[in-house]
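Notes for the one structure printed next.
The values are calculated or read from the model by the stated rules, or taken from the named source; none is laboratory data. Worth saying up front: this structure is predicted, and the values here are computed from it rather than measured. Cβ sites come from the backbone with ideal geometry, for glycine too, and all protein chains shown count toward neighbours. To get the accessible areas, we keep the full protein, side chains included, count just its heavy atoms, and leave off ligands, DNA and RNA. Shrake-Rupley method; radii C 1.70, N 1.55, O 1.52, S 1.80 Å.
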Amino acid sequence: MAERMLKFVGTPQALPEKRPAAERRRDFQEIYAQYARDKAAEQAARCSQCGVPFCQIHCPLHNNIPDWLKLTAEGRLDEAYELSSATNNFPEICGRICPQDRLCEGNCVIEKGFESVTIGAVEKFITDTAWDRGWVKPIQPRRERVESVGIVGAGPAGLAAAEQLRRKGYQVAIYDRYDRVGGLLIYGIPNFKLEKDIVQRRETLLRDSKVSFHLNCEVGRDVSLAQLRERHDAVLLATGVYKARDIAAPGVGLPGIAAALDYLTASNRQGLGEKVPDFESGALDAKGKNVVVIGGGDTAMDCVRTAVRQGAKSVKCLYRRDRANMPGSQREVKHAEEEGVEFVWLSAPQAFLGNDTVSHVRSVRIHLGMPDASGRQTPQEIPNSHVNIEADLVLKALGFDPEDLPAMFAASDLAVTGWNTLKIDWRSMMTSLDGVFAAGDIVRGASLVVWAVRDGRDAAERIHSYLTAKAPMTANGAALPVAAE
Ligand code: FAD
Ligand code: SF4
Ligand code: SF4
């Protein structure tokens with residue numbers, strides 16, 4: 001092993017080729033090219049095959065990273081794919097959009113001094129190769145089961161659960177209020193991070209695996225949760241979090257101020273070839289405008305970089321803490337800076353100015369004070385430090401909260417937490433309603449795709465345990481034809 005691996009001393013870290021910023025600014029295509037096969041093997045061989053792999057411990061899916069890196073270094077890509085897909089339903093998606101600097105790569109032991117192994121890029125390479133070579137096949141369960149599971153939400157949590165349940169032979173139906181499959185993968189995350197056909201081929205695979213989709217179907221409006229509970233033997237709620245947090249400042253209602261997700265969804269729909277009235281009218285198009293984005297998370301980063309690509313005159317990102325304390329990935333900030341975005345750290349909006357439409361954001365300088373109970377330094381306004389920043393389009397990217405879920409699902413006995421997320425028993429992943437499970441952002445609050453996949457997989461296991469425990473007992477006492485695992 002030692003001969004082929006442990007090359008990190010002599011082989012420097014190399015990510016796949018990144019397109020020049022000037023070129024990236026002009027289109028919505030992904031910014032990284034694919035590794036060539038020999039380059040992927042060379043980079044995988046930098047891994048030192050740790051006995052206690054911290055990369056794996058810090059991957060929410062506990063992917064078997066050292067083993068698939070070794071197989072890649074040895075050119076055994078079919079086996080690398082088998083191993084990688086055994087723990088992750090969407091390795092090519094996570095390889096593209098996980099904040100690896102905070103997860104696997106940020107905990108790689110050779111990070112210090114030598115730069116980490118490029119785990120995400122190799123993971124993406126393995127699965128993209130598997131798709132190209134036809135190794136990714138529809139699911140054919142060994143035996144069909146009679147029980148059906150209804151999944152509400154076609155985001156990564158719902159899709160991962162659907163795939164796992166289908167593998168076990170369950171009849172799976174997914175309901176989504178959107179017209180397309182993918183949740184935030186399709187309408188939130190822009191193309192330059194994740195091209196849409198990557199998501200759409202996963203949808204096709206699930207359809208070919210006989211998972212059925214009911215799109216444009218909002219649970220709580222077009223069908224009730226009670227009806228789904230009648231129709232299916234178990235129900236999984238994976239509806240994400242969508243209520244945008246607002247800013248309490250004078251002038252916040254002025255035209256020209258929009259919620260980040262409305263803006264990103266309009267851009268994604270337009271990119272998918274749709275006619276989007278708010279884009280056509282210019283309301284949600286940044287072209288020729290001075291754009292100010294408020295916030296410091298992934299959503300804010302996606303807004304600034306989208307605005308650049310739409311041809312904005314200037315793009316500023318206002319964040320009340322500093323660079324070291326922002327929630328978004330440092331890699332994304334670097335990409336945005338390269339593409340011409342200006343970050344205004346330690347600044348918060350105090351008011352929005354303008355007559356018929358917004359013209360300026362009045363921003364105040366912030367000083368980070370003593371840490372609060374959570375350990376984070378408290379932002380404090382510096383008196384008389386305000387400046388007016390020119391703005392024709394302001395995008396609010398301050399995070400998301402869950403909707404009123406008991407009201408949305410007309411289920412007053414559906415328990416929620418103090419943050420209004422769904423309350424589950426973490427051992428069974430069941431909500432307060434018998435046979436109703438939950439996974440993803442709706443349980444964790446706004447989180448990451450990789451955690452949604454993890455939750456979806458865990459929920460599928462718990463649903464399987466629940467249904468197999470119930471299997472011998474039917475209403476008329478007859479045993480159900482359930483296959484042994
Ligand atoms: P979602 O993806 O939100 O899917 C929920 C689905 O449920 C949606 O399709 C919705 O239409 C449907 N739904 C909701 N209510 C109903 C109802 N009543 N009836 C029927 N259907 C319903 N994470 C990363 O790891 N990396 C990133 O780079 C990244 N970038 C992001 C950028 C943006 C702009 C945003 C907003 C998020 C980003 N995230 C990122 C977070 C990530 O997208 C989410 O954590 C993840 O998608 C959550 O998955 P989910 O399946 O729980 O919910
Ligand atoms: Fe890293 Fe994400 Fe892949 Fe895990 S799933 S190995 S955290 S890129
Ligand atoms: Fe390899 Fe780094 Fe993981 Fe160690 S921590 S097994 S060097 S990728």
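Looking only at the stretch 44-101, filter to residues that are more than 16 Å from ligand 1 (Cβ to nearest atom) and basic (Lys, Arg); which one of those is nearest to Glu123 (Cα to Cα)?
Residue satisfying both the conditions and the ranking: Lys70.
On the basis of being more than 16 Å from ligand 2 (Cβ to nearest atom), touching a residue at least 60 places away in the same chain (Cβ under 8 Å) and either aliphatic (A, V, I, L, M) or not assigned by TED's automatic domain parsing to the domain that holds Val443 (or both), does Ala259 make the cut?
Considered against the rule, which asks whether it is more than 16 Å from ligand 2 (Cβ to nearest atom), touching a residue at least 60 places away in the same chain (Cβ under 8 Å) and either aliphatic (A, V, I, L, M) or not assigned by TED's automatic domain parsing to the domain that holds Val443 (or both), Ala259 comes out as yes.
For the stretch 345-409, list the strands (runs of 3 or more DSSP E) that sit wholly inside it and hold at least 2 residues that are open to solvent by 70 Å² or more (accessible area, probe 1.4 Å); which are they?
358-371, 377-381, 387-390
Checking the structure you have, find out if any residue of the stretch 345-356 is in the same structural domain as Pro255 (by TED's automatic domain parsing) and within 21 Å of Ala266 (Cβ to Cβ).
yes
Exactly one condition in (1) of a type in the set (Val, Ile, Thr); (2) part of a loop (DSSP other than H, G, I, E, B); (3) more than 10 Å from ligand 1 (Cβ to nearest atom) is not met by Val235; state its number.
Among (1) of a type in the set (Val, Ile, Thr); (2) part of a loop (DSSP other than H, G, I, E, B); (3) more than 10 Å from ligand 1 (Cβ to nearest atom), Val235 violates only (2).
Do any helices (runs of 4 or more DSSP H) lying entirely in the stretch 93-181 carry at least 1 residues that are surrounded by 24 or more Cβ atoms within 10 Å (Cβ to Cβ) and either touching a helix residue (DSSP H, G or I) at 6+ places or on another chain (Cβ under 9 Å) or at pLDDT 95 or above (or both), and which ones are they?
The qualifying helices (runs of 4 or more DSSP H) are 119-132, 156-167.
Select from the stretch 72-88 the residues that are buried (at least 22 other Cβ atoms within 10 Å of the Cβ) and polar (S, T, N, Q) and write down the one among them that is nearest to ligand 2 (Cβ to nearest atom).
Asn88
Among the residues of the stretch 298-312, write down those that are modelled with pLDDT of 95 or more and either among the acidic types (Asp, Glu) or not assigned by TED's automatic domain parsing to the domain that holds Ala391 (or both).
Asp302
Tally the residues that are part of a loop (DSSP other than H, G, I, E, B) and either closer than 20 Å to Arg231 by Cα or in contact with a His (Cβ under 9 Å, 6 or more places away or on another chain) (or both), restricting the search to the stretch 428-438.
5
If you go through the stretch 313-344 one residue at a time, how many are of a type in the set (Asp, Glu) and open to solvent by 40 Å² or more (accessible area, probe 1.4 Å)?
4
I'd like to know if the stretch 31-40 contains one or more residues that are of a type in the set (A, V, I, L, M), open to solvent by less than 20 Å² (accessible area, probe 1.4 Å), in a loop (DSSP other than H, G, I, E, B) and away from ligand 3 (no atom under 15 Å from the Cβ).
Yes; the residues of the stretch 31-40 include at least one that is of a type in the set (A, V, I, L, M), open to solvent by less than 20 Å² (accessible area, probe 1.4 Å), in a loop (DSSP other than H, G, I, E, B) and away from ligand 3 (no atom under 15 Å from the Cβ).
Of the conditions (1) under 30 Å from Ala459 (Cβ atoms); (2) open to solvent by 40 Å² or more (accessible area, probe 1.4 Å); (3) in a helix (DSSP H, G or I), Ala22 clears all except one; give me its number.
Ala22 satisfies every listed condition except (1).
Does Val252 qualify as being part of a loop (DSSP other than H, G, I, E, B), farther than 25 Å from Pro20 by Cβ and under 21 Å from the mean Cα position of the chain (by Cα)?
Criteria not met by Val252.
Which pairs turn up if I take residues in the stretch 456-475 that are at pLDDT below 95 and look for partners that are part of a helix (DSSP H, G or I) and open to solvent by 60 Å² or more (accessible area, probe 1.4 Å) with beta carbon separation below 6 Å, at least 6 apart in sequence or on another chain?
Qualifying pairs under 6 Å: none.
For the stretch 269-281, give me the residue count where each residue is open to solvent by 20 Å² or more (accessible area, probe 1.4 Å) and without any contact (Cβ under 8 Å) to a residue 40 or more places away in the chain.
9
Considering each of Tyr242, Tyr319 in turn, give the residue that is farther than 13 Å from Leu398 by Cβ and aromatic (Phe, Trp, Tyr).
Sole residue among the options that is farther than 13 Å from Leu398 by Cβ and aromatic (Phe, Trp, Tyr): Tyr242.
Can you name the residue in the stretch 182-200 that is outside any loop (DSSP other than H, G, I, E, B) and touching a helix residue (DSSP H, G or I) at 6+ places or on another chain (Cβ under 7 Å) and is also nearest to Ala157 (Cα to Cα) among such residues?
Taking the candidates together, the pick is Leu185.
For the structure I just gave you, tell me whether Arg202 is outside the structural domain of Ile65 (by TED's automatic domain parsing), touching a residue at least 12 places away in the same chain (Cβ under 8 Å) and either over 30 Å from Arg24 (Cβ atoms) or touching a strand residue (DSSP E or B) at 6+ places or on another chain (Cβ under 9 Å) (or both).
Criteria not met by Arg202.
Given the structure, is Ala266 assigned to a helix (DSSP H, G or I), small (Gly, Ala, Ser) and touching a Phe, Trp or Tyr at 6+ places or on another chain (Cβ under 6 Å)?
Criteria met by Ala266.
Tell me which of these Gln49 doesn't satisfy, since it passes every other one: (1) part of a helix (DSSP H, G or I); (2) at positive phi.
(1)
Out of everything in the stretch 410-427 that is touching a strand residue (DSSP E or B) at 6+ places or on another chain (Cβ under 8 Å) and open to solvent by 10 Å² or more (accessible area, probe 1.4 Å), what residue ends up being farthest from Glu230 (Cα to Cα)?
If we take residues in the stretch 410-427 being touching a strand residue (DSSP E or B) at 6+ places or on another chain (Cβ under 8 Å) and open to solvent by 10 Å² or more (accessible area, probe 1.4 Å), then Trp419 is farthest from Glu230 (Cα to Cα).
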